[in-house]
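Take a look at the structure set out below.
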Amino acid sequence: MAALPAYLLLLLLILVILRPVAAPGAASQPPTSEPHLPPPLLAQKVQVWPKPTSISWPYAVYAPLSPSFSVRAVLSHPSLRQAVAFYTRLIRAERHAPLVPPTNYTLSRVPVRTLTLSVSDPDVPLGPAVDESYTLSVLPDSGSADISAATPWGAIRGLETFSQLAWAGGGAASGGQPIIPSGIEISDRPHFTHRGILLDTARNFYPVRDILHTLRAMAFNKLNVFHWHITDAQSFPIVLPTVPNLANSGSYSPTMRYTENDVRHIVSFAASFGIRVIPEIDMPVYSRLSVARFGSGHTGSWAGAYPEIVTCANRFWAPHAEPALAAEPGTGQLNPLNPKTYRVAQDVLRDMVALFPDPYLHGGADEVNTACWEDDPVVRRFLAEGGTHDHLLELFINATRPFVAQELNRTVVYWEDVLLGPKVTVGPTILPRETTILQTWNDGPENTKRVVAAGYRAIVSSASYYYLDCGHGGWVGNDSRYDKQEKEREGTPLFNDPGGTGGSWCAPFKTWQRVYDYDILHGLTDDEAQLVLGGEVALWSEQSDETVLDARLWPRAAAAAETLWSGNKGSNGKKRYANATDRLNDWRHRMVERGIRAEPIQPLWCSLHPGMCNLSQ
């Protein structure tokens, strides 16, 4: 038999080199006389959290990442430069092993060497409603991948998605390198522009390292707002240059303060992940009804430095046979009738704006405790002469809101109570809609409806769905309600027995499914829905500090992150909580691998046997 010509031998050699090889453990493809044809179309899961809005991956082919993998971009923006450095390290180092690894795939011989970032407008500042959309593609057998975005912030979201596409498959055939889907195309954008976490650092202090750790976890979940509830009645932990005595007298200790450098580091670190930091300083009052349904002034921590401007400071919160002075221990609220109140308040606000560049400033103004104000003789005389509690709050809002909106050029965020509060409110005439946003927390969809129907933009933090501290029982001492040995009588409110609150005003515990299934646009018209900016899950810290922070937040905050990014419904219009269970199990597993100590949502057996732990098939 004659020898084959040299050019035919060369052609055969090229075909052998380019033919995809089956990954170890993956099902072999059926033999074919045309080895260059793509593998068959298969239904494959792409494990990205939050779920992208559009994914196309027609063929089950993975490509290994090259050991020299790099990200190419024009890094004129400092935040994007930091993000690229972080994600390059993460993608090269991470070896995620899924709980249930994909099967029935083939492995391309062409490794992905470069990821190219293209940003059409690299100078767009981080702020409300910034464009976070991106497209991502991994070109088959090209050795390259691409992310295109309008802004650096969209590019950062694309980098997170790319990092989650990689996993430790392929075995020896991939040279021990992570593999990613080849031929995949993703087009993605968030449903809501405001997707956040509120963290209360006043009731218990959180070191800077733990705040940075939380910001990193937020970036993994594409959350973009850190609502920093800095001060409350219990402590004033932030050092402000014009009024340093507020922290000197109001913090728990010198080691439990946030300096100017701390704040600037947190803001800069957050920006490197496309996260805004919105500060909240409660003025003149704040309440979260954590013990009983009474209003509460939560500026008592100001009294150490300026006792003359705070009413009912350092009083026992629940005097016998008298109205409660606060919703929980820690009394005091600012006195709207003392002119010095406004000089100090303006100094605080001016310093806050200098430290926090975000165009939003949260002013609190939650439910007022009328008894605390009435503890002051000047206030009592004002009321005796025909003044009202509403008028007192109106005086304060009229003196501070224009200063923030006009002189400091900030949009003011208040809690819903300033308009909807059951006891003390102000009218919409002193709350201009163009410079005022209201954050809801009571009565679920009903209060969201009331806020947007009044024409205000809304941030949704409904306690019945989004309060992550709920269901951990009460925390006040000397409480005889727990000293009950007999079964509680039927027909009475339960406290200790199954179904009772256990002392938690917002019980029960909000499971990830409760968070995930919340539709923050429920009951709204299309026009009203346009006024909902997004939502925030909240962690109030009466019973939390850095030792339990991860488990309190994650993965429940991740459940909110997906619903706010891509919704909680599939293409058929039905809630996808069954599908989300398996994906969240794996995502929680990956977060733990990344150093986030997220609590489990099920026994490991359930993760290894998808669908077997469902309530129904």
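The values are calculated or read from the model by the stated rules, or taken from the named source; none is laboratory data. Keep in mind it's a predicted model, so treat the numbers as computed, not measured. In this analysis, Cβ positions are derived from the backbone assuming ideal geometry, glycine residues included, and neighbour counts consider all displayed protein chains. Quick note on the areas: whole protein, heavy atoms, side chains included, nothing else; ligands and nucleic acids left out. Shrake-Rupley method; radii C 1.70, N 1.55, O 1.52, S 1.80 Å.
Quick check: convex hull over the Cα atoms of region 54-188, volume per residue in Å³, rounded to an integer?
Each residue corresponds to 106 Å³ of Cα convex hull volume.
Once each part is reduced to its C-alpha centroid, what is the distance from region 511-544 to region 597-615 in angstrom?
25
Please calculate how many Å² of accessible area the chain carries per residue, with a 1.4 Å probe and no DNA, RNA or ligand atoms counted.
On the way: 25710 Å² over 617 residues.
Ligands and nucleic acids excluded, the result is 42 Å² per residue.
Stretch I430-V476 to full length: gain in nm at 0.36 nm per residue minus the Cα-Cα span?
Length gained, I430 through V476: 12.8 nm.
By accessible area of protein heavy atoms, probe 1.4 Å, what ranking do T114, T242 get, highest first?
Result, largest first: T242, T114.
Are any of the pairs K423/K575; K222/K340; K449/K569; K484/K510; K45/K449; K423/K510 more than 32 Å apart by Cα-Cα distance, and if so, which?
Correct reply: K423/K575; K222/K340; K45/K449.
Tell me the trypsin sites (Lys or Arg not before Pro) within region 191-293 that lie in a loop according to DSSP and have at most 11 other beta-carbon atoms within 10 Å.
Sparse-neighbourhood loop trypsin sites (Lys or Arg not before Pro): R293.
Identify all aspartates and glutamates with a Cα-Cα distance to K574 below 16 Å; exclude those on the same chain that are fewer than 8 residues away in sequence.
Straight-line reach from K574, under 16 Å: D517, D519, E562.
Considering only P207, G611, Y360, whose Cα is most displaced toward the positive end of the charge dipole of the chain, charges sitting on Cβ of Lys, Arg (+1) and Asp, Glu (-1)?
Going by the Cα projections, it comes out as G611.
Using a 1.4 angstrom probe on the protein heavy atoms only, could you order V378, V46 from most to least accessible area?
V378, V46
Report, please, the projected area of region 166-219 averaged over directions, based on the convex hull of its C-alpha atoms, in nm².
Average projection, Cα convex hull of region 166-219: 6.9 nm².
Which of the helices in the chain meet the span-like rule: DSSP H, Cα axial reach of 15 Å or more, Kyte-Doolittle mean at least 0.5? Walk me through the intermediate numbers first.
Values: long enough: 6-18 (19 Å, 3.39); 78-93 (23 Å, 0.19); 152-165 (20 Å, 0.03); 208-220 (18 Å, 0.63); 260-271 (17 Å, 0.02); 339-355 (25 Å, -0.08); 389-402 (20 Å, -0.23); 556-566 (16 Å, 0.22); 577-593 (24 Å, -1.39).
Counting only whole DSSP H runs, the qualifying helices are 6-18, 208-220.
Between the alpha-carbon centers of region 47-79 and region 94-140, tell me the distance in whole angstrom.
The distance from the Cα centre of region 47-79 to that of region 94-140 comes to 2 Å.
Accessible area of D545, 1.4 Å probe, to the nearest 10 Å²?
Using a 1.4 Å probe on the heavy atoms, I get roughly 50 Å².
If you add up the charges near G158, with Lys and Arg at +1 and Asp and Glu at -1, over every other residue whose beta carbon is less than 13 angstrom from its beta carbon, what do you get?
In short, -3.
Have a look at L90, V119, P152 and report the one farthest towards the positive end of the charge dipole of region 40-157, computed about the Cα centre with Cβ charges (Lys/Arg +1, Asp/Glu -1).
L90
Over all distinct alpha-carbon pairs, what is the Kirkwood Rh of the chain in angstrom?
With all distinct Cα pairs of the chain included, I get 26.5 Å.
Extending each Cα 7 Å along its Cβ direction at A354 and S144, get the distance between those two points in nm, one decimal.
4.9
Working with all protein chains in place, sort I55, I278 by solvent-accessible area computed with a 1.4 Å probe, largest first. Show your work: numbers first, answer last.
Details: I55 60, I278 5 Å².
Solvent-accessible surface, decreasing: I55, I278.
Using alpha-carbon positions, what is the distance between the centroids of region 160-237 and region 444-467, in Å?
Cα centroid to Cα centroid, the span is 25 Å.
Using a cut-off of 20 Å between alpha-carbon atoms, which aspartates and glutamates can reach K487, once sequence neighbours fewer than 8 places away in the same chain are excluded?
Reachable aspartates and glutamates: D479, D497.
Given R₀ = 22 Å, FRET efficiency for A129-H522 by Cβ-Cβ distance, to 0.05?
The value I calculate is 0.45.
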